[in-house]
Structures are given as structure tokens and as C-alpha cells.
Amino acid sequence: MRMTRHVFKTMLAVSLVLFLTASALGESADKPGQETIILRAWDIPRTAGFGVAEMARLAVIRDFQEKYPHVRPVSSKGLEISGRQRVEDQDIVPLMQIAGDIAPDVMLVGFRQADTYVRQKFLYPLDKYIEESTLGLKIADAPLLELDEYLKQLEKSPLYKEQIAWRVPRICWEIMRRRCPYEEECPFCRAWGVRPAKEHYHVWAFPQRHQVMVMFYRRDLFREAGLPDRAPETMAELMEFTKKLTDPEEDRSGLRLSLTQIGLDTSSFLYSFGGRLVEQDTAGQWRCAFDSEQAVEAYYFVARLFNEPFTNSKGKTIVNVVDTREGEGPRNFKIGMFLGAIQDGFFPEYRPEVIGFGPVPRGPDGLRGSGFSSEMTGIYAGLAGQENEKIRRAAWDFILYYNGTEARKTWVRNYVEFGQPQCVYPELLEQAGYPEYVRQVPEGWLESAKEAFASTVPIPYGRNCHMVFKYASKAIDQIRTDNTVKEAIKAGDATRAKDRIREILKDRVKRSNEKMLNIITPRQHKIRATVASVVAALILISFVFMFRRVFRTFTAAQIKDPTRKTGKWEFGRYKWAYILALPAIGSIALWMYYPLARGSIMAFQNYNVRGFSEWVGMDNFGNALFNDEFWYSVWVSFKYTMMFALFGFFAPIVLAFLLTEVPKGSLLFRSIYYLPMVLSGVIVVFLWKGFYGQYGMINSVLNFFIGLLNMIPGVAIEELRKVWLEDPAFALFFLLLPVIWAGMGPGCLIYLAALKTVPDELYEAADIDGAGILQKALHVAIPSIKSLIMINFVGVMVATIRGGSEFALAMTGGGPYSPYGQTEVVGLHIFWEAFGYLRFGSATAMAWLLGTMLIGFTVLQLQRLSRMEFRAAGGGK
């Protein structure tokens, strides 16, 4: 305990010193005559943390600034998606930063994103920095060389082994050196004096940290369950271990899988069964391949983890051995095993007496496939141009230094100083001058790490693979929630379950390949273009009709006033009104109509956020109109809206009526009902997600009553461990509940204010006639505020159809999928289309289609407003 306090105090003190030192270094760089370069870079912490890795990271930044005092690295984390920890965040956040013109100078480039980033022209080539600045080479026509020949040229440098070879394995070269999307128009080849060619190559990124997937396990929970002190060797053992570990009464689960990234978590299972997520065909095209027989076996195994019933040692029948709660794995929950990544050179900061790890289990054929990836970094292409040469040079210095030889010694020194040398590979300890700490590395950890790295399978890195884990997650989501699969597994009918899984996977792969490759026949293209042209014409006619109808509506209102001249602006008479309205009109035009007009152009383009857009005519509208997932999301939004109208819209009205009848304490009740509105959206999300979990409030309440029923002789009802947001039948309704809960109070206050305008004489007359609360509400209150209710109803319906995406993204991500997203409302679908698949043009076309559907509500609302006459509470106009 004393040791823990001492380490904590030491870490706190060093954190403060590092923070102050970094600040001082930043200030010292601002010397007269010396230009300071602000470098927005990946992996720069915004604040000083308390973990050893955070301390080491800050120390590396400090050492980098000492070596390059004119460069000040700052964090690029200016835009994040709150409320979720999901693999897709790594894909979406950089795209949103680029779209928002706040792209980092040094970008994170993962395996899956590499091809997309290159094709979208997000990256600046690193060839010259590697060849000339680092290795001192001049390679003639280097972009025209094939990879093998290019590597031979690099190996001629005496610095290649020290600077490059140990950091870049062969698989990384295949990913970071890719064909140039500029082809003959390549501006970099021109600048370097290289002969332009349609097919040539550049190095677009550089690796920093290599990672491999392993299986972690809780040693204490393994001892309690009587299991050997090691990770399971085979998939059969994994199933056996999870069943022995799972005990709902002890709040203990055998295995943790995150539903937000289940495609990633189970990818190593797929590899161990011999399957692959994507494969390259003979034409060089990358296609989804998770519909193979090996994939069927792998996902049947995953479905069994969720749905196969068994009887534990206490005689209880249990179905699910998987814990899907979000958090820090074993730190917060009793979870026997969980999948995670380890880096080359360093082990995770887990206590070795509590946590052990091993390579992922072998499949039935003895294969072992550990997912391998590398965190690579690149320079943002927006820094092209001679005026940004100093920033580019600083970015390359940062990339080369960050995980180089000097930086690794800093990492090792920090791990040793903070009492965690067991987290460092023995060879790195020796290289850094700490051989005496080698014996502290836990027995078997190095061997397990080497075995994991020896059986690696690179995660997908082909064309359009940046969202492949989302494709796989949708398939797994559908499989584990499919009733046929669940019933077959419970009945022990493996053949029927696999047949259904095979059917689901075939359909999912077909859909995914259409998303990845967008392959359609010329006849399909012609049909889509024709239909899209007709629909576009109808959209134009609809909007012209709307504006004409609105204009006539308000013109008719003017005719009723004989003192006004219809059809005239009358600037002289109403000049002050126009002057007062001008700021509002200008603001609306600037922030709403200008972006609307500007963004509408995107609907006819294959839009690129860096400006390399191409005109595609009506293709985006054609793709949207024939996109069944889009139309299903519209249907989901319609159901969501109808449920909100039924439960959410009328709830504040009823509550307002009840509060008007409360004789005492109405102020207290109003405060209580308004309180949820002041809570942060992130808090609301985590609060309600906890309610819906396996061990959440809903299951606890239901299990309390189940326990009471089980006291009756002959009654034996199983306890519920249902995750309600994972059930297609309940997910959408439970997604809506926190929205109603958080919005009921503010809505109630609006109607309370409206009810104050109802004359007291009407209530007194109703009381004399013997009317009760219901009669007064139906015959006095509602007729008096009917206009407000109708206007709010139309506005709320429009807002609900368009909205709901924030909670859906944070709570479910649009799932569960069966096969369509049961909570993927249309706003969320458009978001994924734009920032997930980089189809901004298609997303804009979908938004226009949605707007056309809602245009009738707008006309209805404007018509009602034109007929309304507003009065003060006292009765005057």
C-alpha cells in the first residue's frame, strides 16, 4: 500500500514537472528571429496523464523539443465523438477534421484507411524524406520502380538498417507504398523532375507501432474456476473455459466482446478457422470474403457463445457467456477473458499477478491467426507547396523521431523509473542499459508475444476496406440475434444453424461488395439515371409549388387588411421594420441558405473534401433511390416518430395538466421534471445504457419479481440477463425512452405557460357544472391551447424524423442488424454514408429526398401560422 502511494506521488510530481518543462520549452522556442513552427500532430496528449505510457509519451515530446527547439507539437484532438469507444471513430474523426478544415499536420494512417486516404488525396508523399533526408540517397526515377527494386536501392544506404529496416516489415511496405492517384498529372513527380507516368508509386506513410491481437485472462478468476494458469489453446478450450467461468450470481462472465467493434474482436477467430474478411481476386479487386465455409464455422462458434445453453456447477441453466459492457475490460468487471492488442517491444500495463495473456486460440485445423496492424503516420496533403516546406520538414522530423531509437530508450527509461520494467521486452531493457531488470519480465510473456507475432494475419488493407469491420459487425449482429439461429443452437441442430448463417453471410457479403465496389451493369445504370432524373424533376416541382403556396398563403393574409397595398414592399412605410429584420435575414441566409445552396452542388458530384470533385450527373440520386438500406432507415425514422408522437409528444401535455391541478409543491415538481434537461448528453447515454445492460436496473427489477414468483412451489423461472438494446424487437423503443425522459420537463413548462392564459372564468364555470379533471382538460384546456399543440406537433414531427441520430450513434451505432439496422434512423444513415463511406454526394442526395418527403409538413405549419392571431395573456392584441 505504501509502495502504491509512493509511486502515485512520484507519478504526480513527474507529471507536473513534465507539464511545466514542456511549457517552458514551448516558451523558450519563441526567440527573436527564430520562427516557431506549431505542429498539430497525432498522439500528442492534451493534458498530462497518470499512466506510465502517458508519462513516457510526454517525455518523448520533451526530448523531441530539446532536439528541435523551433518545433512545438500540439494535440490534434479537436473533434471527437463522445459517448462511445468504437473502432469506427478512428475512421470518422479524421474525416470530420479534414472536412472542418482542422486536419492534423501529422495524421494517423491505419492499415484499413491507407488505400482510402491515398485515393482521396489526403496524404503527401514521403519518398524524398526517406531517400534523401534520412538515407542520403538519390534514386533516379524512384516512383517508377517496382517495390522489390525500390527496396534494393534503399538497402544500398549504410543507414538503412539503423533507420528503416527494423521499423518497417515487408507487409508494411506493401501498404505504405501505393500507386499514385494523380497518375500523369502528379505534381510531385513534376517538382522532383521525374518523368510522368500513368502508373507510378509513392511512399505515403511511415510505421510507428506494430500491434497484434492476443487473448488476456484473469488469473485470479481462473484459479477460482479451477482452470490452468494459461490462455486457452484451442477454440474448444475457449468454449469450455468461458462456460466454467460464467456465473451470473457472482456477476462474472467468461468472455468480453464489444458489440461496437465485434467485427474486429472476432476477426482473429475467423483467421484461426482459416477464413478471411477480404480477398483479392484475379483482377486485383478487393472483395469481402466472410461468406466462406471457414467463416460459417467461425461465426457459428461466435453464435454459440451468445446462445448455447448449458448447466453450470450450481445447477443453473445459462445461455450467454459473453459480457458486452463497455469499459476497461477486467478493471471494472469480473470478466474471465478478453481480446486486446500488444505492441512490439512493450507489454500492457497490467499487474502480472492478476492478468496473463497468450496467443489467440487455434482453430479446429490447428491454425492460429492473430490480427496484425501498424499505427502509421503521414503528412497531410494540404501542406503541399513551397510555403509549407518548413512545416513538412518538421512533420517528417517528428514522424522519424517519435518511435525511433532515441524515443524507445526514453520509453524504456520511464517504465523503469516508474517501477514497471516488466512491461518492456528484455532485449529493449538490455539495449537501454537496464539488464538487471530483465528477470522481472513475467515468465512466458515474451514467448507468448513472439508466438502471437509469428502467426499474424494483416487486417484488411485493400481498396475501400476502411469500413470492412463495420460490414462484418452487421453480419455478426444479425447472426447472433436471428431467431432461426438461436432456436437451432438451443436445439443442438448445428446443420440448421449453419445453413441459416451461410444464408445471412451470402447476403451480407453481396451487400458489402456493392458498398465497397459500387458495381452495377450498364442497364442498371441507365434505369437508375432515368428514374433519378424523373425524381429530381419532381423535387424541383415540389419546391416550386411549396414556395408558390406559401407566397399565396401570406398574400391572402394581407388582403384581409384593407389598409395594406398587396404586392408592394412599401419600404417607405415599413423601413424600420425592414432595418430591424435585416440582421436576422442576413444571418439566416448566411448560415442556412448559403450552405444549402452550396451543399446542393455536392448531390451531383463525386465529392472530395480536398477539392478534387468530379461531376457525376444523376448517379447519386440513382444510388440513393435504389438503396434499400436508405429506405429502411426512413421506415425506422417513421416508426421512431410514431412512437414519439404516442409516448413523447403527449407526455408533457398530460404532465402540465396534472401540475396545474396540484394544490401545493408545483414548483418542486417542475424542478424535478426539468432536471434531466440540464444533464450532459454523455451522462444520459451512459446512465440509460447501464439500465439496459445485462446487470442493469431493468433486469434487476424484473429479476426481483421473478425471485418472488420462484418462491411459489413448482415455479422455476430463469433470471433475465437480457441486453435490451441488442434485441431487435425492443431496441428502438428503449432508444426513445431517454429522449422522452430528458425532454418531458422543458415541454411541460411550455404548456404550463400556455395554460396560464386560459381564463379562470372557464375553469370556474366548469367547476360549477361539476366537471372533473378529465372533463376540464378535454373541454376547457385543450380547446384553449389547440393552436399551440398543432404547431408544436408539426414541428416536433419534422424534428423527430430528421433527428434521433445522436442518441442512436452513441447508444447502438444503428444496430442491432437483422439484416437492416433496427435503430439506424435516416439521419444516422446519412451520417454513415458521408463520413463512414466518404460518399458525400450520395449523402446529400439522400438529404434532398428526405427534405422532399417533409415539405408537406412545412406547408401545413406555415398555413396554420398565417391563420393564427397572437394575443397577450391579458387579452389585448
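Test residue 424 against the stated conditions and say whether it is β-branched (Val, Ile, Thr) and crowded, with 21+ Cβ neighbours inside 10 Å.
So residue 424 passes the test.
Find the residue count for segment 701-725, including only residues that are outside any loop (DSSP other than H, G, I, E, B) and in contact with a Phe, Trp or Tyr (Cβ under 9 Å, 6 or more places away or on another chain).
2
Spot the failing condition for residue 173; the list is (1) of a type in the set (Phe, Trp, Tyr); (2) under 15 Å from residue 360 (Cα atoms); (3) surrounded by fewer than 18 Cβ atoms within 10 Å (Cβ to Cβ), and only one is missed.
(2)
Hey, does segment 694-714 have a residue that's in contact (Cβ under 8 Å) with a residue 40 or more places away in the chain, surrounded by 12 or more Cβ atoms within 10 Å (Cβ to Cβ), out of contact with any Cys (no Cβ under 9 Å at 6 or more places or on another chain) and not small (Gly, Ala, Ser)?
yes
Quick one: in segment 238-247, of everything that is part of a helix (DSSP H, G or I) and open to solvent by less than 40 Å² (accessible area, probe 1.4 Å), which residue is modelled with the lowest pLDDT?
Here the residue is 245.
Going by the structure shown, is residue 165 closer than 18 Å to residue 128 by Cβ and of a type in the set (Gly, Ala, Ser)?
no
Is at least one residue of segment 123-130 among the acidic types (Asp, Glu) and at pLDDT 90 or above?
Taking every residue of segment 123-130 in turn, at least one turns out to be among the acidic types (Asp, Glu) and at pLDDT 90 or above.
If you go through segment 501-515 one residue at a time, do you hit one that is at pLDDT below 85, under 29 Å from the mean Cα position of the chain (by Cα) and not polar (S, T, N, Q)?
yes
Can you tell me which residue within segment 194-232, out of those that are of a type in the set (Lys, Arg) and under 30 Å from residue 397 (Cα atoms), is surrounded by the most Cβ atoms within 10 Å (Cβ to Cβ)?
209
For segment 332-347, does any single residue satisfy the condition of being open to solvent by less than 10 Å² (accessible area, probe 1.4 Å) and either polar (S, T, N, Q) or in contact with a Cys (Cβ under 7 Å, 6 or more places away or on another chain) (or both)?
Yes, segment 332-347 contains at least one residue that is open to solvent by less than 10 Å² (accessible area, probe 1.4 Å) and either polar (S, T, N, Q) or in contact with a Cys (Cβ under 7 Å, 6 or more places away or on another chain) (or both).
So which residues in segment 580-600 are surrounded by 10 or more Cβ atoms within 10 Å (Cβ to Cβ) and farther than 30 Å from residue 840 by Cα?
580, 581, 582
Scan segment 248-270 for residues that are open to solvent by less than 10 Å² (accessible area, probe 1.4 Å) and not polar (S, T, N, Q) and jot them down.
254, 255, 257, 262, 263, 269, 270 - these are the residues of segment 248-270 that are open to solvent by less than 10 Å² (accessible area, probe 1.4 Å) and not polar (S, T, N, Q).
Any idea which of (1) within 24 Å of the chain's Cα centre (by Cα); (2) at pLDDT 90 or above is the one residue 257 doesn't satisfy?
Going through the list (1) within 24 Å of the chain's Cα centre (by Cα); (2) at pLDDT 90 or above, residue 257 breaks only (2).
Could you check, for segment 322-329, whether at least one of its residues is modelled with pLDDT under 90, closer than 30 Å to residue 267 by Cα and part of a helix (DSSP H, G or I)?
yes
In segment 681-693, how many residues are farther than 15 Å from residue 736 by Cα and either in contact (Cβ under 8 Å) with a residue 60 or more places away in the chain or touching a Leu at 6+ places or on another chain (Cβ under 6 Å) (or both)?
Adding up the residues that qualify gives 2.
Within segment 107-151, can you find the residues that are under 21 Å from the mean Cα position of the chain (by Cα) and not in a loop (DSSP other than H, G, I, E, B)?
107, 108, 109, 111, 112, 113, 114, 115, 116, 117
Could you please find all residues in segment 113-140 being out of contact with any Lys or Arg (no Cβ under 9 Å at 6 or more places or on another chain), closer than 16 Å to residue 207 by Cβ and open to solvent by 10 Å² or more (accessible area, probe 1.4 Å)?
Of everything in segment 113-140, just one residue is out of contact with any Lys or Arg (no Cβ under 9 Å at 6 or more places or on another chain), closer than 16 Å to residue 207 by Cβ and open to solvent by 10 Å² or more (accessible area, probe 1.4 Å), namely 134.
Based on this model, can you work out whether residue 412 counts as free of Cβ contacts under 8 Å to residues at least 24 places away in the same chain and either more than 35 Å from the chain's Cα centre (by Cα) or part of a loop (DSSP other than H, G, I, E, B) (or both)?
Taking the combined requirement at face value, the residue does not satisfy it.
Within segment 375-387, is even one residue assigned to a strand (DSSP E or B), among the small types (Gly, Ala, Ser) and open to solvent by less than 10 Å² (accessible area, probe 1.4 Å)?
The answer is yes; a qualifying residue exists.
The values are calculated or read from the model by the stated rules, or taken from the named source; none is laboratory data. As the structure is a computational prediction, the values presented were derived from the model and not from experiment. Glycine gets a Cβ as well: all are built from the backbone with ideal geometry, and neighbour counts include every protein chain shown. All accessible areas refer to the heavy atoms of the entire protein, side chains included, with ligands and DNA or RNA removed. Shrake-Rupley method; radii C 1.70, N 1.55, O 1.52, S 1.80 Å.
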